[in-house]
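Report on the following structure.
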2 protein chains.
Amino acid sequence: MKAAVLGTGAVGDSIGTKLVQLGHPTKMGSRTATNEKAAAWVKKNGESASQGTFADAAAFGEIVFLCTKGEGTLEAVRGAGAANLKGKVVVDITNPLDFSHGMPPSLLLCNTTSLGEELQKALPDALVVKTLNTVNCEVMVNPRKTGGDPTMFMCGNSAEAKAKVRALLQEFGWKDILDVGDIKSSRGLEMVLPLWVQTYMATGNGYFGFKVLMPPPARP
Amino acid sequence: MKAAVLGTGAVGDSIGTKLVQLGHPTKMGSRTATNEKAAAWVKKNGESASQGTFADAAAFGEIVFLCTKGEGTLEAVRGAGAANLKGKVVVDITNPLDFSHGMPPSLLLCNTTSLGEELQKALPDALVVKTLNTVNCEVMVNPRKTGGDPTMFMCGNSAEAKAKVRALLQEFGWKDILDVGDIKSSRGLEMVLPLWVQTYMATGNGYFGFKVLMPPPARP
């Protein structure tokens, strides 16, 4: 399956590299078609990897991963163009973190909305699925790095889109995937970030995941 | 150790009962000295259990558990009286949940403050510790009900107070207790509630806990 990754930071690099390793031709998008970090990523990943603008990447991918900083997600999606994302699965990995007031970060929006919901509003013809935002980028593509099988939360309005994302998450190594509902549930997925940051600050270890420990009857 | 429980709902009942079972004389406080639910709790728990007003309970306890609905926590604390809480460990279990706009609930305050912080501001001479708010009341006093050993998060400004609370949590059965910093970290502990509610709604099972899965080097 052809994939797009919007964003050239550590998350885009990690997701893009894993997609190529799994055999999915992947185009990394950025503001410009000649972004240096994207070029370095292409060079590292061989002929299944390519780069372009946000619009080039969105047009290329059958599935599109949003991997920018949260403050830039909506702008990246505008650059990609709603027409290029129409009918496609858009996987939102981003977090609306605001570090401008120091640590711990606050969220740019939360509680009565979320970045996932704002994205779905901005892209009514796309199938937005929120997931992977609750772990660091190395754990995203290697959950066993936590020493176990943490829970990956996922939400979105389209059952079909979530089934596709679930299959990809399984390719990434995730065994415990929990669908927590429609895109409104992005609130919960994003609002866990302050606890993530506090856990990281308290332990100095970012390679962790949250596991839902639950007795039988097992979750559906 | 003499303990107080402010609140007569399921949380107050659960915590109060466990404290009595562990041998801690416990007074349950409410708006009135003759609350019927508190009376039923006293009757059920024998001579180590007693009831009174919020102020009676706060004066009695060497450690005070806040177990009201989040919307009533600050009022309960005003009823208890700052003088009765001076120098004492105040364990805040409450969540500022707002169900007035339907499900999932939003939070009455979050992101740039938290109920834990507001309590510490209202009680500058008390030692507020936020904990236990991330699981249901049966799991609070029996973490193995989750089928494992979930992580219990804890925060507060006083290391001495947190050591006392840690010891009590261990009496409750908690083995994996993570101190995530000062009272400002209440934000993270409270902001995880939307994900808690979504997980509950998705699975129909409330007897779960979040476990931090982390590789060595182990957390400090």
- [ ] Over the whole of A:1-14, what's the average partner chain Cβ count within 10 Å per residue? Rounded to a whole number, please.
- [x] 0
Task: Per-residue ³J(HN,Hα) for region A:125-137, Karplus 6.51 cos²θ - 1.76 cosθ + 1.60, θ = phi - 60°, Hz, x for Gly and Pro - done: 9, 9, 10, 7, 10, 9, 6, 6, 6, 9, 9, 6, 5
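How big is the dipole moment of region B:169-220 about its Cα centre under a simple scheme where the beta carbon of each Lys and Arg is +1, that of each Asp and Glu is -1, and everything else is neutral? Debye, nearest 20, please.
That gives a dipole near 140 debye.
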Open item on the list: Taking the number of other C-beta atoms within 10 Å as the exposure measure, put B:T8, B:T17 in order starting with the fewest.
Closed with: B:T17, B:T8
TODO: Within 10 Å of each Cβ in peptide B:153-159, how many partner chain Cβ atoms are there on average? Round it to a whole number, please.
DONE: 1
TODO: Please determine, in degrees from 0 to 90 and to the nearest 10, the orientation of helix B:36-45 with respect to the longest principal axis defined by the Cα atoms of chain B, where the helix direction is its Cα long axis.
DONE: 80
- [ ] Would you mind counting up the charge near A:K43? Only other residues with Cβ under 13 Å from its Cβ, with Lys and Arg at +1 and Asp and Glu at -1.
- [x] -1
TODO: Kindly give the semi-axes, whole Å and largest first, of the ellipsoid equivalent to the protein assembly as shown, taking each as the square root of 5 times a Cα gyration tensor eigenvalue.
DONE: 45, 20, 19
TODO: Please order A:M1, A:M214 by the number of other Cβ within 10 Å, starting at the fewest.
DONE: A:M1, A:M214
- [ ] With 10 Å bins from zero, work out the P(r) of region A:3-203 over every alpha carbon pair and list the percent per bin.
- [x] 9, 38, 39, 14, 0
Open item on the list: Using only the alpha-carbon atoms, how far is helix B:159-172 inclined from the longest principal axis of chain B? Give it as 0 to 90 degrees, nearest 10.
Closed with: 90
Task: Nearest 10 degrees, 0 to 90: helix B:10-21 Cα axis against chain B principal axis - done: 70
Open item on the list: Run lengths n ≥ 4 of DSSP H only: what is the helix-derived mean residue ellipticity at 222 nm for the protein assembly as shown, with -39500 (n - 2.57) per run over all residues, to the nearest 500?
Closed with: -10500 deg cm²/dmol
Task: Violating pairs (Cα-Cα greater than 27 angstrom) within the set A:K145/B:K18; B:K18/B:K164; B:K86/B:K164; A:K18/A:K162; B:K27/B:K162 - done: A:K145/B:K18
Open item on the list: Give me the percent relative contact order of chain B, please, defined on Cα pairs under 8 angstrom at least 6 residues apart.
Closed with: 17
TODO: Given the options A:T26, A:T151, A:T131, state which has the largest fluctuation in a GNM of chain A using a 10 Å cut-off (strictly under) for Cα springs.
DONE: A:T151
TODO: Name the long-range amide H neighbours of B:Q51: under 5 Å, sequence gap of 5 or more, or other chain; modelled H, no Pro or chain starts.
DONE: B:M28
Task: Alpha carbon centroid spacing (whole Å) that separates region A:140-181 from region A:48-126 - done: 18
Task: Rg followed by Dmax, in Å, when region A:77-137 is reduced to its Cα trace - done: 13.0, 39
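Bear in mind that the values in this text are calculations on the coordinates, not laboratory data. Being a predicted model, the structure only gives us computed values, none of them experimental. Don't worry about glycine lacking a Cβ; one is built from the backbone with ideal geometry, like all the others, and counts go over all protein chains shown.
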